[in-house]
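Engineer: Encoded as structure tokens, here's the structure I'll be asking about.
Please treat every number below as a calculation from the coordinates, not as lab data. Predicted model only: the values in this text are computed from it and were never measured. Ideal geometry is used to build each Cβ from the backbone, glycine not excepted, and the neighbour counts take in all protein chains shown.
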Amino acid sequence: MAETASGIQHERIMALAGSGKTFQLAHRYIALLREGASPETILATTFTRLAAGEIRDRILTVLAEAVQSPRMREEIESQTGRAITVEEARIHLRNVSRVLHRLQIRTLDSFLAGLVRCFAFELEVDPGATIIDDVTHQQLREEAIRLMLDERDAQPLVNLLRALSDENSSRSVTDQIHSTVSGLYEICRIAPPEAWGGMRPRAVLSGEELENEIAHFEHEIEDRLELGEAQYKKSILNALRGDVARVGTARSNRPRDWMQFLEKGLAAKILQGEEPLRYGRVLIPEELPPLYEQLIRHAQQAIWNLIVRQTAALHELMDRFDQRYREVKHRMKAMTFSDLQALLLTHESLGSLEEIGYRLDATLHHMLLDEMQDTSIGQWQILRPFVEELVSHAPPERSFFCVGDVKQSIYGWRAACPDILQDLPQHLYPDVPPAEWIRDGNLDKSYRSSPAILDIVNRTFRNLSGNPVLEGQEMITQVWDRDFRTHEAHHADRAGYVEVRIAPRAEKENGEDQNDVRLTNAAKLIRELHEHHPGRSIGVLVRSNRAVNQLLYRLGPSGENVPASGVGGGTLTDAPPINVILDLLTLADHPGHTAAAFNVARSPLGRVVGLNDHKAIRTRQRIAQDVRRRLVRDGYAATLRTWIRAITPHVDARQRNRLFQLEDLAVQYDPRATLRTDDFIRFVEAARLDDPAAANVQVMTVHQSKGLQFDVVVLPDLDQKFAPMRNIRLLVERDGAAGPIRRLVRNVSGEMTKLFPETSELLENERLAQVRDSLSVLYVAMTRARYAMHLVLNPNRADAQTILTSDMSGLLHAALLDPDQPREPETVPLTHGEPDWHERVDPPTVSDDAVGDEDPLLARPPALTTAATYPRGRSGRAASAQKAGRNALHDRIGAGAREARERGTAIHAMLEAIEWIDDEPPTTDELIQSVQGIARSKDQLHLRDQADWLRRRLREPQVRAVFRRRPKTDGRVLREFPYARLNERDEVVRGVIDRLVLHESSGRVNRAEIIDFKTDQIQTEQVKARAEIYRDQMAEYRLAIRSAFGLSNEQVQCSLLFIQPGCLETVPADN
């Protein structure tokens, strides 16, 4: 490759994680400026607005520092090969600053959106169309599905779904359409019609022919069975009996029954065709295979025809959905980013770069593409003509620059293709040696991670072909091994530490789930790290949003009580005040929903709307009517704004920000609001918004962590399979790795697809792509750490036959631990580096951003009285309002809000269901059954945890004593006992007592026991102090029962049962 005088070349840089990709791109941009390029002619694209902002800021910062700092001028000289003066740096900074509004530093989606806007007429785009967000996108999809279901003749749609499910699905029609559309629509919509038509049905036996063939087979096999062991081995005879039974089942001619026939017995071995034919170690007699030939052929053809039918049904279903979806979007003047791609892909040409630049008001002479491994096939097909035009010119007149890391390509599910970056020269100029037109560079040093972290990364990924867990994956592992370069730390003396920890083993006999046990153990570890490393950023990286929610719950007030936030995809329902507002909206549609009424009444919002007694049905009906009237008259945003302003004095900073996000969602929702509040609730629960008050501990998926770094990384979710077949629903054949779609095939099941050469290769390609993605996800997760990394693995099962599991845990076990030794529970088999690493690094910068100044607008509403916020079992006015109210306010809507919400409903409901325990506590399922219909759907994930926790508590001696039947002294048990009385000021005081035991003699109550359940998260030594908080409340209960039954102080015993420490604390009567 001939060097130009300027040193600018078309360039591709392969950069490992943390090696400074943004640094390289920024300096490339500055080098182009120094060669005379105008800022508006340089297109720099990346994949997120955050990354685009970082690139822009880095360019401006480098130029600004070059004006003032000799060191920065030296750095620019080292990168460009030419010295830069202060005046030159000042000129470039001025030129860039003057056209900030016209800089082409943007996301790739933004660039494509610009193209569509500029060519709206040619692309036939409504000029009023707007790009919609994900929540609106989901709503419009649901509307399209509703229109499909509302069609006058719905039977064809039902038939399609039956064809797709092979008549075995128990899911609703709506659920089936949702499931199919959500994962497959985007790829199906860009496929040409001919891609669906490459498969034809094959001839099968007619009904009569099949019956005759089965009868012949059964007769022949029966003859062989009569010969018995004198002629055949026992294993052969057993196989023949099984095959006869399976053929009998397949008489109904269902393809899945024929699949059972082909998968087992002698048919499976005959179908494999490996010579000599054996069943186990026994040779299959040569007279048997001919008996199977006709049925095997029929079974194969029947299964092939099922694949053909389901592929055709999928095509028709997608066409029907696409038609309705287009109608809905057209009516709403809405577009998605995938619509932009589809429009540009289906349009033959937009013209030359000069013509496009004219439309964009920015002539494009240079392209800088960041994170190129994440470029999707569709995006590349749009960009490729631009790139080809740029590289057809000699630099520096035109230039192309890209940087990326194929190991970090984790977006295969949205058609990202790392092969585009890996094989870029072959894609553009296959007949020209790459060295003649493009310069290749490598960045091998990490500026992020400590040597200890990189040692473990190297040990894990350096020799994947030798890892026994990946045996059979050579097509992937050999490529990894070929391209993997040993990672080195730029900061060679940076302290660091890595630990592999094995979680406890689940007690299956107690109903424990191993994954739940591992996540619970991980939450305890995170609490220890948070306490041991105050101020340090801790990234907890998992594979799914479900795991994010599970960990946030375990880290919350009802678990380890660690301030933690979800990132990129958290729902607003992680803030208790949001749940209270949604409960009030639930009442608007369902006034009889007692759990929702209870939660509202026990919060400050109850006072705002006038709901003090959650059992007052007429009050609930009045409030429901009032809420509906206000929503119709004022809209959601205005109605919610009133409630939010009223309760903000009672929430913390993070909850306040969440409330403002809820108001923003209401503004979005108002233009399309329906008359059902349930629709708005679903809208809110589906919205995934970044937490505005991120804590030091951040829980997120690995995909959301891309581009981030943390002082400490915890990986607690490493039991994922590399390529679960259930995730492969559609097989895609392309013209080359990144070419257009040639064929689509429905993957009915992996076993069926493997039967045919036409589809087995496609399935294998999809499976290998998933393996590659899984390896990349693990690599990205491990390389987010700066100083420390903690990996939490499941132990081997006690009855496991193999030590190395076929998942990420197994891969790490083989790479880092002794592959011949099982993973023993509650051990730490690997430590590497310095456990006290924090002593050798600079202390973290402590920020008090979370404690901001009070907004004067929020301070104006008068503070609410606390009469509606007593601990559970308390409502109305009483002398104890101030003390008990303070505690309840903290528990209900402050730092402990989630605990109070869940234990105040679920735990109390479970305890309410228990009269006496004679032997064993209720089972977990019985406890869960007692709260069905009480807990909101979003709490269902936590019910089993709550029930398991309560069962363990019920075994504590003092807790068990409360519920144990006592001979001859048993009383009458009243649960959730309501009362009302007049106080000294003639005010009505109402309440509910958790458990009241009345002892009678001669038909008269002569003694009463009051037990109030408390779910406070406290230790045994804190019980007496905490009981003091509830003394006034218990005095009120005592007075109520004395009045109701004519008892003295001594005849009424009051006790607090603290469930967490298992302590029963008696509250003596006041003198």
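Engineer: Please say if the range 402-453 is rounded, prolate or oblate, where rounded means a/c under 1.5 for a ≥ b ≥ c the square roots of the C-alpha gyration tensor eigenvalues, and otherwise the choice is prolate for a/b larger than b/c and oblate otherwise? It would help to have the intermediate numbers written out before the result.
Structural biologist: Values: a/c = 4.12, a/b = 1.43, b/c = 2.88.
Since a/c reaches 1.5 but b/c is at least a/b, the shape of the range 402-453 is classed as oblate.
Engineer: If you don't mind, another one. Listing V498, V962 from the residue with the fewest other Cβ atoms within 10 Å to the one with the most, what is the order?
Structural biologist: Working: V498 26, V962 20.
Result, fewest neighbours first: V962, V498.
Engineer: Could you tell me whether the chain comes out rounded, prolate or oblate from its Cα gyration tensor? Rule is a ≥ b ≥ c as square roots of the eigenvalues, rounded for a/c under 1.5, then prolate if a/b exceeds b/c, otherwise oblate.
Structural biologist: Numbers: a/c = 1.72, a/b = 1.23, b/c = 1.40.
Note, shape of the chain comes out oblate.
Engineer: Same structure, new question: Sorted by packing (mean other beta-carbon atoms within 10 Å per residue), highest first, where do 999-1007, 816-824 land? Walk me through the numbers on the way to the answer.
Structural biologist: Values: 999-1007: 11.0, 816-824: 14.8.
Top of the packing list down: 816-824, 999-1007.
Engineer: Counting DSSP beta bridges in the chain, what percent are antiparallel, to the nearest 5?
Structural biologist: Details: 36 of 90 bridges.
For the chain, the DSSP antiparallel bridge percentage is about 40.
Engineer: With an 8 Å Cα cut-off and a minimum separation of 6 or more residues, compute the relative contact order for the range 1-113 in percent.
Structural biologist: Numbers: 100 pairs, mean separation 38.9, N = 113.
Computed value for the range 1-113: 34 percent relative contact order.
Engineer: Please state the relative contact order of the chain as a whole percent: Cα pairs under 8 Å, 6+ residues apart?
Structural biologist: After rounding, I find 13 percent.
Engineer: Additional query: Pairs of Cα atoms under 8 Å, at least six residues apart: use those to get the relative contact order of the range 599-718, whole percent. Walk me through the numbers on the way to the answer.
Structural biologist: Working: 54 pairs, mean separation 23.0, N = 120.
Reported as a whole number, the value is 19 percent.
Engineer: Rounded to two decimals, what is Rg over Rh for the range 141-334 when you use alpha-carbon atoms and the Kirkwood radius?
Structural biologist: When Rh is taken as the Kirkwood radius, the ratio is 1.14.
Engineer: In vacuo Debye scattering of the range 653-718, one point per C-alpha: log10 I(q)/I(0) at q = 0.11, 0.14, 0.29 Å⁻¹?
Structural biologist: Listed by q, the Debye log ratios stand at -0.41, -0.61, -1.30.
Engineer: I've got another one for you. Dipole size in debye (nearest 20) for the chain around its Cα centre, Lys and Arg Cβ +1, Asp and Glu Cβ -1?
Structural biologist: Numbers: 138 positive and 156 negative charges, 815 e Å.
Once rounded to the nearest 20, the dipole reads 3920 debye.
Engineer: For the pairs K233/K264; K234/K754; K329/K721; K407/K721, flag any whose C-alpha to C-alpha distance is greater than 28 Å.
Structural biologist: Values: K233/K264 17 Å; K234/K754 30 Å; K329/K721 38 Å; K407/K721 18 Å.
Table pairs above 28 Å Cα-Cα are K234/K754; K329/K721.
Engineer: Quick one: grab the alpha carbon gyration tensor of the range 487-582, order the square roots of its eigenvalues as a ≥ b ≥ c, and give me rounded if a/c is under 1.5, else prolate or oblate depending on whether a/b is larger than b/c.
Structural biologist: On the way: a/c = 2.09, a/b = 1.30, b/c = 1.61.
Oblate is the answer for the range 487-582, as a/c is 1.5 or above yet b/c matches or exceeds a/b.
Engineer: While we're here: With the dipole of the chain worked out from charges on the C-beta (+1 for Lys and Arg, -1 for Asp and Glu) around the Cα centre, which of A302, P921, N747 lies farthest toward the positive end?
Structural biologist: Of the candidates, P921 comes out farthest on the positive side.
Engineer: Here is a further query. So which trypsin sites (Lys or Arg not before Pro) in the range 229-321 end up in coil per DSSP with only 11 or fewer other C-beta atoms within 10 Å? Intermediate results must be reported in sequence, preceding the final value.
Structural biologist: Values: sites: K233, K234, R241, R246, R251, R256, K264, K269, R278, R281, R297, R309, R320; in loops: K233, K264, R281.
Within the range 229-321, the qualifying trypsin sites (Lys or Arg not before Pro) (loop, at most 11 other Cβ atoms within 10 Å) are R281.
Engineer: Among I221, L63, Y325, which residue has its Cα positioned farthest towards the positive end of the charge dipole of the chain, with +1 placed on the Cβ of Lys and Arg, -1 on the Cβ of Asp and Glu, and the dipole taken about the Cα centre?
Structural biologist: Going by the charge dipole, the pick is Y325.
Engineer: When the dipole is taken about the Cα centre of the range 7-69, and only Lys, Arg (+1) and Asp, Glu (-1) are charged at their Cβ, what size is it in debye, to the nearest 20? Could the numbers behind the result be given before it?
Structural biologist: Details: 7 positive and 6 negative charges, 32 e Å.
Result for the range 7-69 is approximately 160 debye, rounded to the nearest 20.
Engineer: On alpha-carbon atoms, Rg over Rh for the range 303-437 using Kirkwood Rh?
Structural biologist: Details: Rg = 19.1 Å, Rh = 17.9 Å.
Taking Rg over the Kirkwood Rh, I get 1.07.
Engineer: Dipole size in debye (nearest 20) for the range 572-685 around its Cα centre, Lys and Arg Cβ +1, Asp and Glu Cβ -1? Spell out each step's value before the answer.
Structural biologist: Values: 18 positive and 13 negative charges, 83 e Å.
About 400 debye.
Engineer: If you take the C-alpha gyration tensor of the range 374-463, multiply each eigenvalue by 5 and take the square root, what semi-axes do you get, largest first, in whole Å? If you can, show how the numbers build up before the last one.
Structural biologist: Details: eigenvalues 169, 61, 29 Å².
In descending order the semi-axes read 29, 17, 12 Å.
Engineer: Give a quick list of GluC sites (Glu not before Pro) in the range 489-552 that DSSP marks as loop, anything other than H, G, I, E or B, with at most 10 other Cβ atoms within 10 Å. Before the final figure, lay out each step's value.
Structural biologist: Numbers: sites: E499, E507, E509, E512, E528, E531; in loops: E507, E512.
For GluC sites (Glu not before Pro) across the range 489-552 that sit outside H, G, I, E and B with at most 10 neighbouring Cβ atoms in 10 Å, the list reads E507.
Engineer: Set Lys and Arg Cβ to +1 and Asp and Glu Cβ to -1, take the dipole of the chain about its Cα centre, and tell me which of V792, L525, L364 lies farthest positive.
Structural biologist: L525
Engineer: Also, I was wondering about something else. Ranked highest first by the average count of other Cβ atoms within 10 Å around their residues, in what order do 804-813, 219-228, 44-53, 829-838 fall? Don't jump to the answer; show the numbers that get you there.
Structural biologist: Details: 804-813: 22.7, 219-228: 12.9, 44-53: 18.9, 829-838: 16.5.
The most tightly packed comes first, giving 804-813, 44-53, 829-838, 219-228.
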